[in-house]
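Undergrad: Can you read through this structure? Questions will come right after.
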Amino acid sequence: MAPLAICFAAAEMAPFAKTGGLADVASALPRYLHDQGHDVRPFMPLYSRIDLDAYDFVQVDFLRDVAVDLGGHRLSFTGYAGRAPGSDLAVYFIHCPALYHRRSIYTGDADEHLRFAFFSHAVFACCQRMGWGPQVLHVNDWHTALMPLYRRTTYGWDQLFAGSRSVLTIHNIAYQGIFPAAVVPELGLAQDHHLLYQDDLRAGVVNFLKTGILYADVVTTVSETYAKEIQTEAFGCGLEGVLRQRGGSVLGIVNGVDYGTWDPRNDPHLPVRYGPEDVAEGKRRNKELLLAELGLPVAEGTPLFGIVSRLTAQKGFELLFEPLPEMLAAGDAQIVVLGTGEASYERFFHQLQQRFPAKACYYRGYNEPLAHRIEAASDFFLMPSRFEPCGLNQMYSLKYGSVPIVRKTGGLADTVRLFDPRTGDGTGIVFEHFEPDAVRWALGCAVELYRDPQAMDRLRRNGMAEDFSWQRQGKLYERLYRLLAAGG
Ligand code: ADP
């Protein structure tokens, strides 16, 4: 089949800049598409934290000092091309120090709207200078969600984009990019007021993500269950109505996992590597070494629970406030926690460590190698999320033979199946209700399962046999792009 021309725009992309799952998708999906022979061109801003010397950056001659006028602001950018390690796919970077040389990727600065509206325009400007008309414009989250509208307005005259169809992927609907309506001229939409959501303008705001939902040809999100959930009041964060209007064109595609980075058989961060054939022994040794590294005693016959997470309300850790200390007091378990975030959760894990120094360790920080070692060492991995668009850690856990304990929501519901000891089918422990009692039940199941080595072995192998690779998930995007390009 003929290769497709795909423009992929995102605010973050691993390994250049990352705050969450978006960066992983924005890195892996274009690489997959490139490997399939498509002409995919990813774009992202050149933040000051990206080390120009670390990657093979080159200034693109025909993208030097390109001016963009936005409601009285004349800003210009220079395009750079760089390559991620281990890939020959060119990634295009928008260099505009006035906007992107800030202390963090996202800011609460007064021109946050301008930073990403400008980026969106810059992507179009690059395509124009390349003389390149992408068949698919794949935009992600609120930062680039105005692009489907820009295609019709600012760039509506340009035949290059006449055949372009747009896909908006929502990675987390809780972040929408809501700004005062007064910024509309600075978005380059002064003449197009009437195309924005009128109730919002009357309420004095403009919502980037909502605008994207209204104008993208297709809206996708990162799991099938989340695609349904965000069309309800409980999960839609106010966008459920516009999503329901899109009805059939809101699709869920679970993110893929980069098994090049996350595979216990060849993970450079692990002291001992292993596969399904020696999972019990491999995990036992990794556990001993991790416990020693963190200063916890090895407790024979005791399960180790792991957590690696941002500590935010989304992740549901308040459900653990009662059941977890109860379990540790009963002497049944040890736990290792890695993460930073809101004070109440940090305090809880800190106090847990103080109360149970031989059973609990809280490592406050962001530490990628340690995240790998926790996946390898833990017997169970806890994700009691309140909501979870997709979630990656439960898929890593499956690959590492660490049994995920998850709440049945979003991507967790789509990727972990409740284990049934009678049939030997299933990959984890799944609970439904957002209640401490549900967690109590799940932890009890885990402790009991751990006493049955045969069942544990089966459960671990089931998980390790699952395939959430981009080879699989990427095909679903390809199919969607083809349908769109064919006018479907
Ligand atoms: P979210 O995007 O909501 O944070 P995901 O499960 O989709 O959740 O992805 C989180 C990613 O960030 C995973 O790759 C996880 O390992 C990583 N991560 C989160 N917190 C930490 C941490 N403290 N140290 C290392 N990696 C972390």
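Undergrad: Arranged from highest to lowest average of other beta-carbon atoms within 10 Å per residue, in what order do the peptides 89-98, 137-146 appear?
TA: Per-residue mean Cβ counts within 10 Å order the peptides as 137-146, 89-98.
Undergrad: Of the beta bridges DSSP finds with both residues in the range 276-467, what % are antiparallel, to the nearest 5?
TA: 5 percent
Undergrad: Kindly provide the trypsin sites (Lys or Arg not before Pro) of the range 1-65 that DSSP labels as loop, not H, G, I, E or B, and whose Cβ sees at most 14 other Cβ atoms within 10 Å.
TA: Sites meeting the loop and neighbour criteria: 49, 64.
Undergrad: Still on this structure, please answer the following. Please give me the summed charge of the neighbours of residue 181: other residues whose Cβ is under 12 Å from its Cβ, Lys and Arg +1, Asp and Glu -1.
TA: -2
Undergrad: Roughly to the nearest percent, how much of the accessible area of the chain is carbon and sulfur, given a 1.4 Å probe?
TA: 50 percent
Undergrad: Moving on. If you fit an axis through the alpha-carbon atoms of helix 21-35 and take the longest principal axis of the Cα set of the chain, what angle between them do you get, 0 to 90°, nearest 10?
TA: Once rounded, one gets 70 degrees.
Undergrad: Still on this structure, please answer the following. Spin-label point model (7 Å from Cα, Cβ direction): what's the residue 51 to residue 194 distance in nm?
TA: 5.3 nm
Undergrad: Straight-line reach from residue 359: which lysines have Cα under 16 Å away, leaving out those fewer than 8 places along the same chain?
TA: 287
Undergrad: Something else: Stretched out fully, how many nm does the piece from residue 292 to residue 88 gain, at 0.36 nm a residue minus the Cα gap?
TA: In short, 69.4 nm is gained.
Undergrad: Work through the residues other than residue 249 whose Cβ is under 13 Å from its Cβ and net out their charges, Lys, Arg +1 and Asp, Glu -1.
TA: For residues surrounding residue 249, the net value is +2.
Undergrad: Calculated from DSSP H runs of 4 or more alone, at -39500 (n - 2.57) each and per residue, what is the 222 nm mean residue ellipticity of the chain, nearest 500?
TA: -10500 deg cm²/dmol
Undergrad: Could you list the chymotrypsin sites (Phe, Trp or Tyr not before Pro) in the range 33-67 that lie in coil according to DSSP, counting only those with at most 14 other Cβ atoms within 10 Å of their Cβ?
TA: Filter output for the range 33-67: empty list.
Undergrad: Given a 1.4 angstrom probe, what's the average accessible area per residue across the range 276-467, in square angstrom?
TA: Counting only protein heavy atoms, the per-residue value for the range 276-467 is 40 Å².
Undergrad: Compute the distance in nm between two label points, each set 7 Å from the Cα along the Cα-to-Cβ direction, one at residue 423 and one at residue 58.
TA: 5.6 nm
Undergrad: Rounded to the nearest 5, what % of DSSP beta bridges with both residues in the chain are antiparallel?
TA: Rounded to the nearest five, the antiparallel share is 30 percent.
Undergrad: Label residue 342 and residue 228 with points 7 Å out from Cα along Cα→Cβ: what is the distance between them in nm?
TA: Result: 2.7 nm between the two label points.
Undergrad: Taking the Cα atoms only, what angle lies between the long axis of helix 112-130 and the longest principal axis of the chain, rounded to 10 degrees?
TA: 60 degrees
Undergrad: Taking loop as defined by DSSP and a crowding limit of 16 other beta carbons within 10 Å, which trypsin sites (Lys or Arg not before Pro) in the range 417-459 fit?
TA: 417, 422, 451
Undergrad: Relative to the longest principal axis of the C-alpha atoms of the chain, give the angle of the C-alpha long axis of helix 368-377, reported between 0 and 90° and rounded to the nearest 10°.
TA: The two axes meet at around 40 degrees.
The values are calculated or read from the model by the stated rules, or taken from the named source; none is laboratory data. Since we're looking at a predicted model, the values are computed, not measured. No Cβ is skipped: glycine too gets one built from the backbone with ideal geometry, and neighbour counts run over all protein chains shown. Note: accessible area is taken over every heavy atom of the protein model, side chains too, but ligands, DNA and RNA are not part of it. Shrake-Rupley method; radii C 1.70, N 1.55, O 1.52, S 1.80 Å.
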